[in-house]
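Worksheet: one structure, shown below.
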Amino acid sequence: MSMFRREGDRYVATFAVDEVRVLRKVASEVVGLLTDGFDHGDPVVGRLFPEVYPDDAAGSAEFRRYTEGDLKTGKIDQAGAILAGLPDGEAGGEVRLDAEAAEAWLRALNDARLAMGVRLEIKDGTDLGEELDDAVAEDPTSSRVFQLSVYAYLGYLQESLLNALID
């Protein structure tokens, strides 16, 4: 698995072809969710754009009217930073990020994990290892096993990049 490291003013990781595919798919799905699939009734959208005033629907709607477009554009751009930073084509390879791109990757990885967490019904107290073990015991070839593995991988990658940034 890839691990980010600092090289001068860059943050560098080498990705296998499967990692590139997963990251490309995840980032593309976030973009799709925020464009064509944008629906305020979707719990994922609710998690990515939480109500600012939970007890004041009118106040939240007013706040959303002034801020949502820019927030959505920012999230799309951040997912785009992942897509732009990945090796071209169907190959693995090295990713080299400057500080701005690294921070965009962190935010995009966080958005992807939040979205997946909602879909997978991951809660604050969920033991991910136990959840994955249970899913494997039930059906090791299930899509849930794959999705939980991707969720864990994104967390690992996010932590790796964060550690490289603070070193």
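The values are calculated or read from the model by the stated rules, or taken from the named source; none is laboratory data. Bear in mind that the values here come from a model prediction, so they are computed numbers and not experimental data. Positions of Cβ are generated from backbone atoms using ideal geometry, with glycine treated the same way; all protein chains shown enter the neighbour counts. Surface areas here come from the heavy atoms of the whole protein model, side chains and all, with no ligands, DNA or RNA. Shrake-Rupley method; radii C 1.70, N 1.55, O 1.52, S 1.80 Å.
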I want to make sure I understand the PRE zone here: with the label point 7 angstrom from the Cα of Val52 toward its beta carbon, which residues in region 63-83 have backbone N atoms less than 11 Å away? 63-69, 71
Whole-number percent relative contact order across region 53-167, with pairs defined as alpha carbons under 8 Å at least 6 apart: 23 percent
Which one of Ala61, Val95, Ala79 has its Cα pushed farthest toward the positive end of the charge dipole of region 52-133, where Lys and Arg give +1 and Asp and Glu give -1 at the Cβ? Ala61
Can you compute the charge dipole magnitude of region 73-167 about its Cα centre, using +1 on each Lys and Arg Cβ and -1 on each Asp and Glu Cβ, nothing else charged? Give it in debye, rounded to the nearest 20. 300 debye
Cβ-placed point charges (K, R +1; D, E -1), dipole of the chain about Cα centre in debye, nearest 20: 400 debye
Highest first, please rank the peptides 31-43, 123-135, 75-87 by the mean number of other Cβ atoms sitting within 10 Å of their residues. 75-87, 31-43, 123-135
About the Cα centre of region 88-138, what is the dipole size in debye to 20, counting +1 per Lys and Arg Cβ and -1 per Asp and Glu Cβ, all else neutral? 220 debye
As an exercise, identify the GluC sites (Glu not before Pro) in region 44-100 lying in DSSP coil whose Cβ has no more than 16 other Cβ atoms within 10 Å. Glu51, Glu90
If you roll a 1.4 angstrom probe over the protein chains with everything in place, what fraction of the accessible area of region 40-167 belongs to carbon and sulfur, to the nearest %? 51 percent
Net charge contributed by nearby residues that have their C-beta within less than 9 Å of Arg96 (K/R +1, D/E -1): -2
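Can you classify the chain as rounded, prolate or oblate using the Cα gyration tensor, where a ≥ b ≥ c are the square roots of its eigenvalues, rounded means a/c under 1.5, and otherwise it's prolate if a/b beats b/c and oblate if not?
Since a/c reaches 1.5 but b/c is at least a/b, the shape of the chain is classed as oblate.
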